[in-house]
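The values are calculated or read from the model by the stated rules, or taken from the named source; none is laboratory data. The model shown is predicted, which means the values in this text are computed figures rather than measured ones. Note that we place each Cβ from the backbone using ideal geometry, even for glycine, and neighbour counts take in every protein chain shown.
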Amino acid sequence: MPSADNVMDKLVSLAKRRGFVFQSSEIYGGLGSVWDYGPLGVELKKNVKERWWRSMVHERDDIEGLDAAILMHPKVWEASGHIAGFTDPLVDCKQCKNRFRADDPRIKGTPGQPDAQCPVCGMKGTLTAPRLFNLMFKTFMGPVEEDAAVIYLRPETAQGIYINYLNVLQSSRQKIPFGIAQIGKAFRNEITPGNFTFRTREFEQMEMQFFVKPAADQEWFEFWKAQRMEWVQGLGLHVEKLRFHQHAKDELAHYAKDAYDIQYEFPFGWQEFEGIHNRTDFDLSRHQQHSGKKLEYVDTATNERFVPYIIETSAGADRTTLVVMVDAYHEEEVAGEKRVVMRFHPALAPIKAAVFPLVNKDGMPELARRIYDDLRRHLNAFYDDGGSIGRRYRRQDEAGTPFGITIDGQSTQDQTVTVRDRDTLLQDRVAADRLVAHLTEKLKG
Ligand SMILES: [Zn+2]
């Protein structure tokens, strides 16, 4: 069994080599826990997001989409509790200047006391007493940098949905129960980020807030819990690596009545990548209080008035993409040679088909180009005529491309091509004019 670091190291290295993920600002030495998606990574993540959007918005009559701005009125964060409560107790080492969470298990003794020992430089008595540190990124709006101009980069997308609840309700003519879905960036000044793109300071969320009658909360909570697990399983992941984790009383956020994480068994352990939360009427009540605007819902059939309860499904787009990459990573031996292959669900694969002329002569490149030009109008295809056919297959295996199309000597005679399956390595011979239909059928789902 390879060690956890080993597997993650190999994935990080492949991600860079093939162009999935790069460290941000690498030529300047890198920026801590911020990552950039390369040519293959941007396609993979986009496929994850589009699949989510299709299932949450397009395939449902009761959910509307939204794209709220990152910058919001500072009062939003007072109402949400983020200014008062979104803090971590931290300690600093006066000797080596490192900063730690107060509950860092590596710290021996009580920070602030002479017996406390710094886990990095090993000095005793150099750790400060814990101080609260807000995780929101602060910036200034307008021409002057003063307290009155302070605004924040949003630490979650959810608040953009709550403050637009009335706008969406009225403009879409939805009735409760209904939901609002959003994909967007959020920012948290995490103190202990890490594990590649698992915990980052800039990240993208895929969130849906479902507004229900207070008495119907349990029913909808169960519904969304089941729906989200089904969607996650539909990504083609190993089901034995997926599980629910219910938050115990002491894990629950202050606003939550019940919460389940969907966890994946990463090489570094079971970790959350999506949560389903019953947020009760906390959010809308707080915004009602702080804005002075009525956010009650009036049921026209019964004349009931109430502040809706909210069932939230909150997934990390980066984390889900990381789960997909970790789960797809395979090493195997084929005919005595090591092969690394990313076994992506075909619907998520960044490139669907790669086209290879067997050799660069005898009419093969011309035919291969024609086939490629036809194919790319239907799906994301890639043309490669560099190096031996074996090397070209290996590169596409690492990119996770499900199908390799080879144009050989026979192709120029009878207009057929070979289609190599990434996983089984079996090759079918298919008529060139049937190729699009053949691949489209296989890519379904
Ligand atoms: Zn130190």
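When only residues in region 233-270 that are within 23 Å of Gly194 (Cβ to Cβ) and among the hydrophobic types (A, V, I, L, M, F, W, C) count, which is farthest from the chain's Cα centre (by Cα)?
Ala253
Check off (1) over 30 Å from Glu398 (Cβ atoms); (2) among the aliphatic types (A, V, I, L, M); (3) touching a residue at least 40 places away in the same chain (Cβ under 8 Å) for Ala148 and give me the number that stays unchecked.
(3)
Just checking, which of Arg391, Arg420, Arg429 is out of contact with any strand residue (DSSP E or B) (no Cβ under 7 Å at 6 or more places or on another chain) and either outside any helix (DSSP H, G or I) or among the basic types (Lys, Arg) (or both)?
Working: Arg420 fails: out of contact with any strand residue (DSSP E or B) (no Cβ under 7 Å at 6 or more places or on another chain); Arg429 fails: out of contact with any strand residue (DSSP E or B) (no Cβ under 7 Å at 6 or more places or on another chain).
That would be Arg391, the only listed residue that is out of contact with any strand residue (DSSP E or B) (no Cβ under 7 Å at 6 or more places or on another chain) and either outside any helix (DSSP H, G or I) or among the basic types (Lys, Arg) (or both).
Which residues, taken from region 65-104, are within 16 Å of the ligand (Cβ to nearest atom), more than 19 Å from Phe137 (Cβ to Cβ) and not in a loop (DSSP other than H, G, I, E, B)?
Within region 65-104, Val91, Asp92, Cys93, Phe100 meet the criteria.
Looking only at residues in region 149-177 that are touching a Ser or Thr at 6+ places or on another chain (Cβ under 9 Å) and within 15 Å of Leu295 (Cα to Cα), which one is surrounded by the fewest Cβ atoms within 10 Å (Cβ to Cβ)?
Across region 149-177, the extreme among qualifying residues is Lys175.
Of all residues in region 105-122, which are part of a loop (DSSP other than H, G, I, E, B) and either more than 20 Å from Glu190 (Cβ to Cβ) or more than 12 Å from the ligand (Cβ to nearest atom) (or both)?
Of the residues in region 105-122, the ones part of a loop (DSSP other than H, G, I, E, B) are 105-107, 109-116, 118-122.
Within region 105-122, Pro105, Gly109, Thr110, Gly112, Gln113, Pro114, Asp115, Ala116, Cys118, Cys121, Gly122 qualify.
Would a scan of region 131-146 turn up a residue that is of a type in the set (S, T, N, Q), within 30 Å of Phe282 (Cα to Cα), more than 16 Å from the ligand (Cβ to nearest atom) and at pLDDT below 90? It would help to see each step written out before you state the result.
To start, the set of residues in region 131-146 that are of a type in the set (S, T, N, Q) comprises 134, 139.
Among the residues that remain, those that are also within 30 Å of Phe282 (Cα to Cα) are: 134, 139.
Checking the rest, the ones that are also more than 16 Å from the ligand (Cβ to nearest atom) come to 134, 139.
Now narrow it down to the ones that are at pLDDT below 90: 134.
The answer is yes; a qualifying residue exists.
Quick check on Trp270: is it buried (at least 17 other Cβ atoms within 10 Å of the Cβ) and touching a residue at least 24 places away in the same chain (Cβ under 8 Å)? Spell out how you get there, then give the answer.
On the way: buried (at least 17 other Cβ atoms within 10 Å of the Cβ): no; touching a residue at least 24 places away in the same chain (Cβ under 8 Å): yes.
Taking the combined requirement at face value, the residue does not satisfy it.
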